[in-house]
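Engineer: Got a structure here, written out as structure tokens. Questions coming.
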């Protein structure tokens, strides 16, 4: 979530900033609306004027963290591998607490909660971003490969959280694996190679000599 200037922020913005800070660092279940209101410097009544329930506040917190990304004009392969470089920088931050969407789904343990739908939307948006870039470079089965790259990223996120201390090797290992998968996908598939082999091994038909009239 983009930092908000407290001096210029509206009550709604201060509430959301407080929720972001407390929910992410201490957990959704562990933080009550009283703590959020106190952190935001508003009354509990004011908080409920903007967010009727805690569930509404949780949903707003997750939506506020959602950042839509679209492929840029930079080389597609560079963007894909750059995502893992981004993860390395994120893991190095002292306030890193894992993926807020995964954290929320695990804490709430309610498949019908709005947080689940928001988390799914976020994850699918990132997968589609990868898919679009893979299609740009002509990768074989870009859809499946996008899922594989996303799983590498998710695994690195989870491992970094478990290890606790910044471990650059985790993101770098995921990046290296992603690089292997991407480069392998740019090679002709087995079916394509077989088709080419059959084509090259097939004797060429002799063209019939042109008939002469006369």
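Engineer: Given (1) under 23 Å from residue 169 (Cα atoms); (2) touching a residue at least 60 places away in the same chain (Cβ under 8 Å); (3) surrounded by 19 or more Cβ atoms within 10 Å (Cβ to Cβ), identify the lone condition not met by residue 130.
Structural biologist: Among (1) under 23 Å from residue 169 (Cα atoms); (2) touching a residue at least 60 places away in the same chain (Cβ under 8 Å); (3) surrounded by 19 or more Cβ atoms within 10 Å (Cβ to Cβ), the lone unmet condition for residue 130 is (2).
Engineer: Same structure again: Please go through the range 65-74 and pick out each residue that is without any contact (Cβ under 8 Å) to a residue 12 or more places away in the chain and either over 15 Å from residue 99 (Cβ atoms) or surrounded by 18 or more Cβ atoms within 10 Å (Cβ to Cβ) (or both).
Structural biologist: 72, 73, 74
Engineer: Another one. Which one of these does residue 139 not meet: (1) in the same structural domain as residue 175 (by TED's automatic domain parsing); (2) modelled with pLDDT of 95 or more; (3) in a helix (DSSP H, G or I)?
Structural biologist: Single failed check for residue 139: (3).
Engineer: Just the residues that are within 20 Å of residue 30 (Cα to Cα) and surrounded by fewer than 18 Cβ atoms within 10 Å (Cβ to Cβ), please, taken from the range 109-126.
Structural biologist: 109, 110, 111, 113, 114, 116
Engineer: Okay, next question. For the range 97-108, how many residues are in a loop (DSSP other than H, G, I, E, B) and surrounded by fewer than 15 Cβ atoms within 10 Å (Cβ to Cβ)?
Structural biologist: The total comes to 1.
Engineer: If you take the residues of the range 8-28 that are over 22 Å from residue 121 (Cα atoms) and in contact (Cβ under 8 Å) with a residue 24 or more places away in the chain, which of them is farthest from the chain's Cα centre (by Cα)?
Structural biologist: 11
Engineer: Got a number for residues in the range 50-64 being more than 23 Å from residue 122 (Cα to Cα) and surrounded by 13 or more Cβ atoms within 10 Å (Cβ to Cβ)?
Structural biologist: 1
Engineer: Something else now. For the range 161-181, enumerate the residues that are at pLDDT below 90 and either in contact with a strand residue (DSSP E or B) (Cβ under 9 Å, 6 or more places away or on another chain) or in a helix (DSSP H, G or I) (or both).
Structural biologist: 161, 162, 163, 168, 169
The values are calculated or read from the model by the stated rules, or taken from the named source; none is laboratory data. Please read these numbers as outputs of a predicted model, since none were measured by experiment. A quick note on method: Cβ atoms are made from the backbone with ideal geometry, for glycine too, and the neighbour counts reach across all protein chains shown.
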